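Trainee: Next up is a structure, given as structure tokens.
The values are calculated or read from the model by the stated rules, or taken from the named source; none is laboratory data. This one's a predicted model, so the numbers in the text were calculated from it and none came from an experiment. Methodologically, a virtual Cβ is constructed for each residue, glycine included, from the backbone with ideal geometry; neighbour enumeration extends over all protein chains shown. The protein model used for the area step is the full one, side chains on, heavy atoms only, and it has no ligands, DNA or RNA in it. Shrake-Rupley method; radii C 1.70, N 1.55, O 1.52, S 1.80 Å.
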2 protein chains.
Amino acid sequence: MRITKRTNIAFLILMYCAIHHDRLVTKSEIAARCNTSESHLAQVINHLAQFGYLRTQRGRAGGLTLARPMADIGVGEVFRRFEAPGAIVECLGDIDKSCPLVAACRLRHALADAAEAFHAHLDRLTLADLVCGNPALVDIIAPQACVGKA
Amino acid sequence: MRITKRTNIAFLILMYCAIHHDRLVTKSEIAARCNTSESHLAQVINHLAQFGYLRTQRGRAGGLTLARPMADIGVGEVFRRFEAPGAIVECLGDIDKSCPLVAACRLRHALADAAEAFHAHLDRLTLADLVCGNPALVDIIAPQACVGKA
């Protein structure tokens, strides 16, 4: 099982904006620094703005910035918004009801409970936990920046 | 994220064999009852036998049976064997190192820890927990059978 590229890019954008929390950043600089296409970024930025994680400012001096303090952006919450709705781990019964056992299968419930345990772990973390005191990340994204507690 | 069809079929075969634990079952009856192709079943049966979950007997009177008591077949263990090796939830950094943050990204570790929580939940269950005292499942798979504790 893999997280989608969309989810991956969403976290990448949020981490980038968190490290540069003192200024507006541009889509093109994230694309250049993070090895991602601008078209991929554009879609995800729209969603991040709709969900209230980013504030975007149009125009020549425009750009992106976090819409909330990084400590208020939950990793589990972002993860759930970007991954497919419903169960994190779907079986054939969840997908298309093609499994004949669907009405009685305890595996489905076991997977749903295990997915809850997965989410509960991510729910303990915020964007600040991913970024703050992580000099190696800062070195990659912004060698000159210095990120303290947000 | 979805479990693979292979994993789904593996559990379906194990549950079928568990309900019919008092006799050999055939590939064709599982295919007919469980809405699955025989070719799909054949591959998964081979793996289940290699992993020591099934015993197969060739010949006209041959068939499949569980190689261990159902209470000794761990759900988490089967799940791990059939899903891709490594992290249950892979990010781009895990897959092809295309993410530039890979060396410093705490999201990878958070996902790995969350996956551990996921597995820990499944590790508490055995095949017996999926099958025993589940009359609705028995009704679907084998209306005449009666499954008690194995």
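Trainee: Within 10 Å, count the other beta carbons around each residue, average over each peptide in A:65-76, A:5-16, A:34-45, and list them highest first.
Mentor: On the way: A:65-76: 18.1, A:5-16: 22.8, A:34-45: 15.4.
Going by the mean number of other Cβ atoms within 10 Å, highest first, we get A:5-16, A:65-76, A:34-45.
Trainee: Under the Karplus relation 6.51 cos²θ - 1.76 cosθ + 1.60, θ = phi - 60°, what is the ordered set of whole-Hz ³J(HN,Hα) values for segment A:41-51, x standing for Gly and Pro?
Mentor: With the stated coefficients, segment A:41-51 comes to 4, 4, 4, 5, 4, 4, 5, 4, 5, 4, 7 Hz.
Trainee: Continuing with the same structure: Please pull out the direction-averaged projected area of segment B:11-72, using the convex hull of its alpha-carbon atoms, in nm² to one decimal place. Walk me through the numbers on the way to the answer.
Mentor: Numbers: hull surface 15.8 nm².
Orientation-averaged projected area of the Cα hull: 3.9 nm².
Trainee: Continuing with this model, one more query. Can you pull out the buried accessible area for chains A and B, both sides counted, probe 1.4 Å, rounded to the nearest 100 Å²?
Mentor: Numbers: alone 9110 and 9100 Å², together 13910 Å².
Result for this pair: about 4300 Å² buried.
Trainee: At 7 angstrom along the Cα-to-beta-carbon line, where would the label on residue A:68 sit relative to the other copies? Give the distances in nm, shortest first.
Mentor: 4.5
Trainee: In segment B:13-35, which residues have a backbone nitrogen under 14 Å from the label point lying 7 Å from residue B:49's Cα in the Cα-to-Cβ direction?
Mentor: B:25-28
Trainee: Taking the Cα centre of segment B:1-82 as origin and charging only Cβ (+1 Lys, Arg; -1 Asp, Glu), how large is the dipole, in debye to the nearest 20? Present the calculation step by step, with values, prior to reporting the outcome.
Mentor: Numbers: 12 positive and 5 negative charges, 39 e Å.
So the dipole magnitude of segment B:1-82 works out to roughly 180 debye.
Trainee: Calculate the mean, over all residues of peptide A:10-20, of how many other protein chain Cβ atoms lie within 10 angstrom of the residue's Cβ. Working shown, then result.
Mentor: Details: counts 0, 8, 8, 0, 1, 5, 1, 0, 0, 0, 0.
Shielding by partners across A:10-20 averages 2.
Trainee: Ordered shortest first, which distances in nm separate the 7 Å Cα→C-beta label point of residue B:32 from those of the other copies?
Mentor: Here the equivalent label points are 6.8 nm apart from this one.
Trainee: Now for a different question. I need the inter-copy label distances for residue A:49: point set 7 Å along Cα to C-beta, values in nm with one decimal, smallest first.
Mentor: 5.9
Trainee: Using +1 at the Cβ of each Lys and Arg and -1 at the Cβ of each Asp and Glu in segment B:1-58, identify which of B:57, B:43, B:31 lies farthest towards the dipole's positive end.
Mentor: Among B:57, B:43, B:31, the one farthest towards the positive end of the dipole of segment B:1-58 is B:43.
Trainee: What trypsin sites (Lys or Arg not before Pro) does segment B:11-86 have in DSSP loop regions with at most 12 other beta carbons within 10 Å?
Mentor: Details: sites: B:23, B:27, B:33, B:55, B:58, B:60, B:80, B:81; in loops: B:23, B:58, B:60.
Sites meeting the loop and neighbour criteria: B:23, B:58, B:60.
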